Amino acid sequence: MEKVHNLVKKQREYFQTGETKNLSFRISNLKKLKLAIKKYENQIIEALNKELNKSAFESYATEIGLVYEEINQAVKYLRKWDKPEKVKTPITHFGSSSYIYREPYGLTLIISPWNYPFQLALAPLIGAISAGNCAIIKPSELTPNVSQVIRELIEESFDDEYIAVVEGGVDESTALLQERFDYIFFTGSIPVGKKVYEAAAKFLTPVTLELGGKSPAIVHKDANLQLAAKRIVWGKYLNAGQTCIAPDFLIVHKIVKNKLIEYIKSYIQSFYGPDASNNENYARIVNERHFDRLTVFLEDGRILSGGRTNRDKLFIEPTVIDQINRELPIMQEEIFGPLLPIIEYEELTEMIKTVKEQPKPLALYFFSQDKDLQNEIIDKIPFGGGCINDTVYHFASPNLPFGGIGKSGMGSYHGKSSFELFSHKKSILKQTTLFDLPFRYHSTKNALKKVKFFLK
Ligand code: NAD
């Protein structure tokens, strides 16, 4: 605790020097971060392979590449994003002009999870640097190899008074949360998110909570079934289903259900072969606790495909489960594993009503060719973000703010939104001294009448 306290104190003193706010400093540190990641690329890929059996392709596509893309965007546009923004001034303020300045919060804390342990620790850091903050990263203790690489690459590139990594689990996280930060960015589960929110409230520290939940994929009867199946299989079994925005369960129109299931089974075969345990592109479950939690769900419904497991290898086959109702345990919590339960519907309106009764999901995917129906889903169901006729892919666009709503979180980031998230908007009115409009002063003759003329 003392170490953490001293680190926070050191960062606060450093932030006060104002150095981190300098635009050239920020850009050069973003570039420095990219160079450090380039240097450590092999170690990162190796560590991800050790933790989750991620292939080099998956590690690059879903972790390292995404971080490069975020850095490239920030380096390219930071000068533009950072410019004070001139906004309109109302007639009541005649003579003055209005601006929004971006100001860093100060000390930021980034707490990240294990499922994309590299990307989810580094992507927020890009926002923190871009906006001119200091940062402490607390990566997940469940992926210690990746945490260690993150610490090494950060330590090699930055002084800890500017950016530091604190490795460890609940104790370290709790010690950090006892300190006063100026912004906390948390990615993880809902129960821990609540604890973080509570700890932040003590200091009135603003927070972003990137949480999880049950994100549905809905396939309507007019969808391109083959493509829907392909994209659902890709999004669901990526990282063995341990993706916060993976389609958690499938809701399919009754009349196309069997056909869709056939396509899903055939894409599982074509992506992972007859035995996914031999496929280098298929990830493993992170640990025994999560393995045991998931295998209990295999008792629900009827397994249509997959279902084989191996605890020693932390392997669970890509699995499709039918005869599911919403009362079963598998429908009570976020699955976060390679199990795809299927629910059918007949009436779109009824289905929308049922989905709306659930907590607002982090993501929703709707497959249909009908633009009116697409808009109806977007309009009627609240959710964090998602895709029409695809899954997961919206996450990879730096131009789409990513985040949840309600139980799935608050705040959104990526690209410019990351810069905005880690910046306070400082509103400034620049007033003229050439004249002084009288009507705001109560001592003006007919003050009320005049104010009513302008504000009606
Ligand atoms: P978690 O909440 O268990 O842990 C996240 C982080 O919080 C870790 O660094 C951990 O050390 C720390 N932590 C754990 N207990 C703590 C406590 N009592 N006090 C303070 N800190 C504590 O989550 P996880 O298991 O690592 O990740 C899985 C969850 O994260 C899933 O629910 C998933 O949906 C969600 N997730 C969300 C996103 C997103 O972007 N919205 C991304 C990935 C994962």
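The values are calculated or read from the model by the stated rules, or taken from the named source; none is laboratory data. This is a predicted model, so every value here is computed, not measured. Glycine gets a Cβ as well: all are built from the backbone with ideal geometry, and neighbour counts include every protein chain shown.
For region 18-55, enumerate the residues that are over 14 Å from I150 (Cα atoms), of a type in the set (A, V, I, L, M) and surrounded by 17 or more Cβ atoms within 10 Å (Cβ to Cβ).
Passing the criteria: I27, L30, L52.
Residue check: is K407 at negative phi and surrounded by 16 or more Cβ atoms within 10 Å (Cβ to Cβ)?
Answer is yes for this residue.
Tell me which residues, restricted to region 409-442, are in contact with a strand residue (DSSP E or B) (Cβ under 8 Å, 6 or more places away or on another chain) and part of a helix (DSSP H, G or I).
If the condition is that a residue be in contact with a strand residue (DSSP E or B) (Cβ under 8 Å, 6 or more places away or on another chain) and part of a helix (DSSP H, G or I), then S417, F419, E420, L421 are the ones that fit.
Pull out all pairs, ordered by first then second residue, where Cβ-Cβ is under 7 Å, the residues are six or more apart or on different chains, the first lies in region 242-265 and is more than 27 Å from S59 (Cα to Cα), and the second is within 13 Å of the ligand (Cβ to nearest atom).
Hits for this filter: zero, empty list.
Pull out all pairs, ordered by first then second residue, where Cβ-Cβ is under 6 Å, the residues are six or more apart or on different chains, the first lies in region 152-175 and is more than 20 Å from S189 (Cα to Cα) and small (G, A, S), and the second is assigned to a helix (DSSP H, G or I) and more than 16 Å from the ligand (Cβ to nearest atom).
Note: pairs meeting the criteria are S157/K32; S157/A36; A164/L7.
Does region 406-422 hold any residues that are in contact with a Phe, Trp or Tyr (Cβ under 7 Å, 6 or more places away or on another chain) and within 11 Å of the ligand (Cβ to nearest atom), and which are they?
S412, Y413, H414
With the structure loaded, tell me whether S397 is buried (at least 16 other Cβ atoms within 10 Å of the Cβ), within 23 Å of I27 (Cβ to Cβ) and either charged (D, E, K, R) or in contact (Cβ under 8 Å) with a residue 12 or more places away in the chain (or both) or whether it fails that test. Reasoning before the result, please.
Working: buried (at least 16 other Cβ atoms within 10 Å of the Cβ): no; within 23 Å of I27 (Cβ to Cβ): yes; either charged (D, E, K, R) or in contact (Cβ under 8 Å) with a residue 12 or more places away in the chain (or both): yes.
Against the criterion (buried (at least 16 other Cβ atoms within 10 Å of the Cβ), within 23 Å of I27 (Cβ to Cβ) and either charged (D, E, K, R) or in contact (Cβ under 8 Å) with a residue 12 or more places away in the chain (or both)), S397 does not qualify.
Among the candidates K416, K371, which residue alone is at pLDDT 95 or above, among the basic types (K, R) and not assigned by TED's automatic domain parsing to the domain that holds H253?
Of the residues listed, the single one that is at pLDDT 95 or above, among the basic types (K, R) and not assigned by TED's automatic domain parsing to the domain that holds H253 is K416.
Scan region 15-34 and give yes if some residue there is within 23 Å of the chain's Cα centre (by Cα), β-branched (V, I, T) and within 27 Å of F395 (Cβ to Cβ), otherwise no.
no
Answer yes if at least one residue in region 120-127 is more than 16 Å from the ligand (Cβ to nearest atom), in the same structural domain as L35 (by TED's automatic domain parsing) and in contact with a strand residue (DSSP E or B) (Cβ under 6 Å, 6 or more places away or on another chain), and no otherwise.
No, the conditions are met nowhere in region 120-127.
Among residues belonging to region 84-98 that are of a type in the set (S, T, N, Q) and modelled with pLDDT of 95 or more, point out the one that is nearest to R440 (Cα to Cα). So that I can check it myself, show each step before the final result.
Going residue by residue through region 84-98, those that are of a type in the set (S, T, N, Q) are 89, 92, 96-98.
If we keep only those that are modelled with pLDDT of 95 or more too, we end up with 89, 96-98.
Details: T89: 16, S96: 14, S97: 17, S98: 18 Å.
Checked region 84-98; the qualifying residue nearest to R440 (Cα to Cα) is S96.
Restricting attention to region 281-309, and to residues there that are part of a strand (DSSP E or B) and in contact with a helix residue (DSSP H, G or I) (Cβ under 7 Å, 6 or more places away or on another chain), which single residue is farthest from N145 (Cα to Cα)? Outline the logic, then answer.
From region 281-309, those part of a strand (DSSP E or B) are 302-305, 309; that's our starting set.
Those left that are additionally in contact with a helix residue (DSSP H, G or I) (Cβ under 7 Å, 6 or more places away or on another chain): 304-305, 309.
Numbers: L304: 36, S305: 33, T309: 25 Å.
Checked region 281-309; the qualifying residue farthest from N145 (Cα to Cα) is L304.
Only one residue in P341, P382, P398, P361 is more than 13 Å from the ligand (Cβ to nearest atom) and touching a Phe, Trp or Tyr at 6+ places or on another chain (Cβ under 7 Å), so which one is that?
The unique qualifying residue is P341.
Looking at region 142-162, which of its residues are more than 18 Å from Y116 (Cα to Cα) and either hydrophobic (A, V, I, L, M, F, W, C) or within 14 Å of the ligand (Cβ to nearest atom) (or both)?
Correct list: F158 only.
May I ask you to list the residues in region 168-199 that are within 15 Å of N6 (Cα to Cα) and aliphatic (A, V, I, L, M)?
Of everything in region 168-199, those that are within 15 Å of N6 (Cα to Cα) and aliphatic (A, V, I, L, M) turn out to be A175, L176, L177.
Being more than 17 Å from V392 (Cα to Cα) and hydroxyl-bearing (S, T, Y) is the requirement here; does T243 meet it? Walk me through how you get there before you give the answer.
On the way: more than 17 Å from V392 (Cα to Cα): no; hydroxyl-bearing (S, T, Y): yes.
No: the conditions fail for T243.
So which residues in region 68-103 are in contact (Cβ under 8 Å) with a residue 40 or more places away in the chain and in a strand (DSSP E or B)?
Within region 68-103, S97, S98, Y99, I100, Y101, R102, E103 qualify.
From the list P90, P139, which one is crowded, with 17+ Cβ neighbours inside 10 Å and either away from the ligand (no atom under 16 Å from the Cβ) or closer than 28 Å to I285 by Cα (or both)?
When all the criteria are applied, what remains is P139.
If S423 satisfies every condition in (1) buried (at least 21 other Cβ atoms within 10 Å of the Cβ); (2) closer than 21 Å to A228 by Cβ; (3) of a type in the set (S, T, N, Q) but one, which is the exception?
The failed condition is (2).
Enumerate the pairs (first residue in region 129-142 and in a loop (DSSP other than H, G, I, E, B); second residue anywhere and near the ligand (Cβ under 6 Å from one of its atoms)) with beta-carbon separation below 7 Å, excluding pairs fewer than 6 apart on the same chain, so at least 6 apart or on different chains.
P139/S112; S140/S112; S140/P113; S140/W114; E141/G169; L142/W114
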